[in-house]
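Notes follow the structure.
The values are calculated or read from the model by the stated rules, or taken from the named source; none is laboratory data. Quantities reported herein were computed from a predicted structural model and do not represent experimental measurements. We place every Cβ from the backbone using ideal geometry, glycine too, and count neighbours over all the protein chains shown.
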């Protein structure tokens, strides 16, 4: 990492004077705003913290470019350039110690003054001990690297204009969409699925781990990022809310996703604070302090840390389930979706296909509520999972699962029988995912 301890040597750190008083320089303002933001506790959500933290850096770059002599010189010479936030910074997901990833974009060539811009604007951030990842590139450079490298491609899919010449950014975005994203959409999806398999082997299922990786573990934030990238490639998604607008997720599923993400983001924020660095592995030593910070109460037989981990595992299981459902709906070949599968003895109110067990019709559930238990019993017995649509319907009819429902002999008997079934674990996992259990 390039670092300069003398970036501001010989220069006044204060900016212009207003009524005789020195205004804080961009870097001093950044330090002050970050310090105030770090002092906030559990009173602001994980998503709100990230938005505010991102805005602090946005403001720094915009002010710095506005006040930079090197940037003014380029503007006077008619040389177009732009600052782009990419990766997590582009997604507005800056956690406390996240890397700040940037592209300083030029049109056809990189002028000599580019190194001066780096010295003026980026060196002060390194002097604060911040982690920066940046590239000074032309439009052609970005196109070439995006076509060759998955990490570069996905970071540019998250690119967001900060300051400079916006038409230059739009030129890059249009070229990437036309020449890279669309033609290579299936290749991108295949690489993301391969990456998912590699993450499974390396990090495991975070929704069950005692020391989960909040970012790379299955059920972690990377599952969400994969959904966004695949939706951009296949559906033309522009902002996360489009997951609902484009029909990739239902309204209730999108709301669930936001709640699950906020749980993980909030915990990750406090993990960074306690670690004093970018750390996504929730080691035992951090779990009690975070549970206390987030206000989990003492309950007899149920310590705060267990409540805390239970909520985290629930959130990560939800993210994992929504990611898997998205892949099933939009990546799996449609020709395989409706192929029927024979399951001996399956009642007419249920059906089986390549996607799993389904209800014969939504109307059958309110007419016969014990079907909600029946489908899980058949899953535990046959080894077939519930289809995406079946899980949705279970969620929509959870209001039927009340005391009267649970005390029906037909329901309680099926549940006890299910506990002896060969595929019990799979059925219980789906019960948790759907909210039935």
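Scanning segment 50-73 for residues being buried (at least 21 other Cβ atoms within 10 Å of the Cβ) and modelled with pLDDT under 95 gives a total of 1. From the list 297, 340, the lone residue that is in the same structural domain as residue 218 (by TED's automatic domain parsing) and either under 31 Å from the mean Cα position of the chain (by Cα) or modelled with pLDDT under 90 (or both) is 297.
Only one residue in 379, 358, 351 is farther than 30 Å from residue 232 by Cβ and part of a strand (DSSP E or B). Which one?
Being farther than 30 Å from residue 232 by Cβ and part of a strand (DSSP E or B) holds for just one of 379, 358, 351, which is 351.
Considering only segment 208-222, how many residues are closer than 19 Å to residue 429 by Cβ and surrounded by fewer than 24 Cβ atoms within 10 Å (Cβ to Cβ)? Of the residues in that region, 3 qualify.
Residue 151 passes every criterion in (1) buried (at least 16 other Cβ atoms within 10 Å of the Cβ); (2) closer than 23 Å to residue 96 by Cα; (3) outside the structural domain of residue 312 (by TED's automatic domain parsing) apart from (1). As a summary of the residue check, residue 176 satisfies the conditions (1) surrounded by 13 or more Cβ atoms within 10 Å (Cβ to Cβ); (2) in contact (Cβ under 8 Å) with a residue 60 or more places away in the chain except for the one numbered (2).
What is the one condition in (1) in contact (Cβ under 8 Å) with a residue 12 or more places away in the chain; (2) touching a helix residue (DSSP H, G or I) at 6+ places or on another chain (Cβ under 7 Å); (3) surrounded by fewer than 16 Cβ atoms within 10 Å (Cβ to Cβ) that residue 241 does not satisfy? Result: residue 241 passes all but (2).
In segment 394-404, the qualifying residues are those that are modelled with pLDDT of 90 or more and either surrounded by 16 or more Cβ atoms within 10 Å (Cβ to Cβ) or within 35 Å of the chain's Cα centre (by Cα) (or both), and the one that is nearest to residue 325 (Cα to Cα) is 394. Just wondering, is there one or more residues in segment 222-234 that are assigned to a loop (DSSP other than H, G, I, E, B), assigned by TED's automatic domain parsing to the domain that holds residue 329, under 17 Å from residue 320 (Cα atoms) and touching a helix residue (DSSP H, G or I) at 6+ places or on another chain (Cβ under 7 Å)? Taking every residue of segment 222-234 in turn, none turns out to be assigned to a loop (DSSP other than H, G, I, E, B), assigned by TED's automatic domain parsing to the domain that holds residue 329, under 17 Å from residue 320 (Cα atoms) and touching a helix residue (DSSP H, G or I) at 6+ places or on another chain (Cβ under 7 Å).
Considering each residue of segment 244-265, count those that are buried (at least 19 other Cβ atoms within 10 Å of the Cβ) and either free of Cβ contacts under 8 Å to residues at least 12 places away in the same chain or part of a helix (DSSP H, G or I) (or both), and give that number. First the steps, then the outcome.
Of segment 244-265, the ones buried (at least 19 other Cβ atoms within 10 Å of the Cβ) are 248-249, 253, 256-257, 260-261, 263-265.
Next cut, either free of Cβ contacts under 8 Å to residues at least 12 places away in the same chain or part of a helix (DSSP H, G or I) (or both) only: 253, 256-257, 260-261, 263-265.
Qualifying residue count, segment 244-265: 8.
Scanning segment 382-404 for residues that are assigned to a helix (DSSP H, G or I) and more than 24 Å from residue 251 (Cβ to Cβ) turns up 382, 403, 404.
Please determine, by comparing only the residues of segment 146-178 that are more than 21 Å from residue 240 (Cβ to Cβ) and not in a helix (DSSP H, G or I), which one is modelled with the lowest pLDDT. Out of the qualifying residues, it is 149.
Assessment of segment 56-75 against the conditions (under 20 Å from residue 180 (Cα atoms) and either under 28 Å from the mean Cα position of the chain (by Cα) or part of a helix (DSSP H, G or I) (or both)) yields no matching residue.
Within segment 105-125, the residues that satisfy the criterion of being within 27 Å of residue 279 (Cα to Cα) and either assigned by TED's automatic domain parsing to the domain that holds residue 261 or crowded, with 21+ Cβ neighbours inside 10 Å (or both) are 121, 122, 124, 125.
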